[in-house]
1. How far is it, in nm, from the label point at residue 84 to the one at residue 402 when both lie 7 Å from their Cα along the line to the Cβ?
2. Excluding residues fewer than 8 places away in the same chain, name every one of the lysines whose C-alpha is closer than 17 Å to that of residue 481.
3. Applying the Karplus parametrisation 6.51 cos²θ - 1.76 cosθ + 1.60 with θ = phi - 60° to the phi angles of segment 134-142, what ³J(HN,Hα) value in whole Hz is obtained for each residue in order, glycine and proline being reported as x?
4. Pulled fully out, how much extra length does the chain show between residue 32 and residue 336, if you take 0.36 nm times their separation in residues and subtract their Cα-Cα distance?
5. Which distance in nm do the two modelled labels at residue 219 and residue 319 give, with both placed 7 Å along the Cα-to-Cβ direction?
6. Give the total of Lys-Lys pairs in segment 252-357 with Cα-Cα distances below 27 Å; include a pair only if its members are 8 or more places apart or on different chains.
7. 222 nm [θ] for the chain, helices only, -39500 (n - 2.57) per DSSP H run of 4+, per residue, to 500?
8. Given the Cα-Cα distance of residue 117 and residue 264 and 0.36 nm per residue of separation, how much length would full extension add, in nm?
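The values are calculated or read from the model by the stated rules, or taken from the named source; none is laboratory data. Small disclaimer: the values here were computed from a predicted structure and weren't measured. Neighbour counts run over all protein chains shown; Cβ positions are idealised from the backbone, glycine included. To get the accessible areas, we keep the full protein, side chains included, count just its heavy atoms, and leave off ligands, DNA and RNA. Shrake-Rupley method; radii C 1.70, N 1.55, O 1.52, S 1.80 Å.
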Amino acid sequence: MIVKRLHTIIALLCFVFVMPANAQKMAKEADAVQAAMAEVIHKYSTQADTIAKELSARFYKDPYIQTALARAYFRNSEREKTRMYLDKAFAVDPNFTQAFILKGDMYGDWEVDSACLWFDKAIESNPQNPEPYIKYANVISRVDIEKAKAKLEELRLAVPTYNVDIEIAMLYNKMGKDEEAAAAMENVDPYSLTMNQLIQYVQNCYWSQNDIKCMELCLIGCEKFPENKGFNRVYFWSATRSAMYTEAMAHGKIWFDNAKDSINSIDYFSLGSCYLGMSQFDDAFNTYAKIPECTDYFVSQMDGQIRQMLNKNIDVLKAEKRYKDALNLYKLFMEKYPSSDKAYMLYQYAGIYRDWQDGLEGEEKLTVIRQMFNVYEQLETEYPNWENLHYVLYTHARWTYSYFDPENTQCLAEPLYQKLYDFCVAKEEQTDQLRSMEIEACRYLASVAYFSRHDLKTARVWWNRILSIDPEDENAAKALKTIKK
């Protein structure tokens, strides 16, 4: 059965070349021979040699066929046979372009100079052929992107009708430079692109966060390639990121209705974010809860992305002075979306009160500050070892003194400043910020808490502690001299 099939392949391959053909037709047919031979070599290695020899002998004066056979063996990593048929091609035509190109491919990326030398020979033999320019650029781009671009500019001069910008964009794609790739495509008519080229352009714009251009290209994709719902998907992603929630939902529905098993974490994130932006909070967090079930690469990044989207919506509510709504949203988030860093979540929650009080006056302001302090006290009680607790202690102490006991009649801030000092001193790594907070705590305790109550002995201890932190602190030194007098 195998032998019969091989004879059929031989007959078919030979039939193609019974009649003479021009160079363009022959090149096309040689490509077909190369593809067919590559499959035969892969499946029937021993018998394939027989077919190759028959074809080579039958078309011994045809460099197209000899090179096609060589490339078929090259695809199968059989270098010795590749060289053998290449030598036959060069024997027929010492300046055969396709043979030069294959020779360059054989050196590949590991011998850049040699590969580029052969690609240059191919260009010299046929300056109108874009292939060797592109291969040269791809190889040299690994070591010098500017040389790669220069070679493609040579192609632009040699073949003005060729879309060189697409090739430059592809070089940047290989390097993972989405923004540069998108910029290279700016002068290209997107309607002239193939589906795969347009997909790549869309991806470049999305990952470089150029959402306006991304959505524009997606609409072209939806129009030109309506069978590919991936354009609806990326439009959905970009529109969500741009807070265009109604439009995002429309395209998202098309994608979800057609995606079958292709839903990933970005899809759920975008859908949840649309619900969030449209104040459908329960739907938002229920959708976010599906993300851990996904297995794609981006799952690990989604926690941070969700927090960013939450903060974005909180900022909108705060800008509209809807602080109660912001607090309710964050509270719901803490309940529905548990996190390992609960202390930080509480700190962020308290920050909403902090922003709220900023525009208030009188008792209304003090009421909101007290509510913020309630959260601080919860933080101090539940997370006494939180690494950033000094921010809480500092604000709690300073604002208590400033707003609730400015005359120190009740010494309300004293235990808070003491806690702040103890926490800062206990930290292993001392920063300028920690030292600054230590000094402020010492200064309050020395000047306000003890000196004002005529406890000079204890005040002296705290001023000396200031000098141990900063020997050049003039206020502490002056206070100690005053006590001695």
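1. 8.7 nm
2. Partners within reach: 457.
3. Result, rounded to whole Hz: 5, 5, 4, 4, 5, 6, 6, 4, 5.
4. Net length gain for the segment: 103.5 nm.
5. 2.3 nm
6. Final tally of qualifying lysine pairs is 22.
7. Helices in the chain give a 222 nm mean residue ellipticity of -23000 deg cm²/dmol.
8. My answer for the length gained is 48.4 nm.
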